[in-house]
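The structure appears below as structure tokens.
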Amino acid sequence: MKRLIIGMGMGVSAVSLTDAAQRAVDQALMHASLDILNTLEIAPEDVRVNVTIGVQEPADVTPDGVSVSLTKTPEIKVVFGGQKGANHIATAAVEVFLVPQSGWKLKA
């Protein structure tokens, strides 16, 4: 598979680190213009999504509590990182991989 794009985002929450992680992932997806996947004829099984979430306390994030709208089976990794602050702060990188394309086709 070949990487198509990396989206990056940051989330802040007073509730939990998992909530902050979800906000970071959502922001990363919004900034990456990934709506292109909806206009191309690419089967869902031909898309792989890797998510890396950085927080100060990785054990406090529930990866199953973070969803990625692009796929039902993202690979989510939680690592030490993010920022320290009064609220819960998370950073996220979302990588989207596609099988090699021989020709891009727009849906009619």
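Of note:
- All of (1) more than 14 Å from residue 19 (Cα to Cα); (2) surrounded by 14 or more Cβ atoms within 10 Å (Cβ to Cβ); (3) touching a helix residue (DSSP H, G or I) at 6+ places or on another chain (Cβ under 8 Å); (4) small (Gly, Ala, Ser) hold for residue 69 with one exception: (2).
- Total residues in region 1-56 satisfying the condition of being within 18 Å of residue 67 (Cα to Cα), of a type in the set (Ser, Thr, Tyr) and out of contact with any Ser or Thr (no Cβ under 7 Å at 6 or more places or on another chain): the figure is 4.
- Residue pairs whose Cβ atoms lie under 6 Å apart, separated by 6 or more positions or on different chains, with the first residue in region 23-39 and modelled with pLDDT of 75 or more and assigned to a helix (DSSP H, G or I) and the second buried (at least 18 other Cβ atoms within 10 Å of the Cβ) and among the polar types (S, T, N, Q), are 24/91.
- Qualifying residue in region 43-51 (condition: farther than 19 Å from residue 1 by Cβ, modelled with pLDDT of 90 or more, outside any helix (DSSP H, G or I) and of a type in the set (S, T, N, Q)): no
- The set of residues in region 57-77 being in contact with a strand residue (DSSP E or B) (Cβ under 7 Å, 6 or more places away or on another chain) and free of Cβ contacts under 8 Å to residues at least 40 places away in the same chain consists of 58, 63, 71, 74, 75, 76, 77.
- Just one residue in the set 20, 59 is of a type in the set (Gly, Ala, Ser), within 16 Å of the chain's Cα centre (by Cα) and either modelled with pLDDT of 95 or more or within 16 Å of residue 2 (Cβ to Cβ) (or both); that residue is 20.
The values are calculated or read from the model by the stated rules, or taken from the named source; none is laboratory data. Just so it is clear, the model here is predicted, and its values are computed rather than measured. FYI the Cβ positions are ideal-geometry reconstructions off the backbone, even for glycines, and counts take in every protein chain you see.
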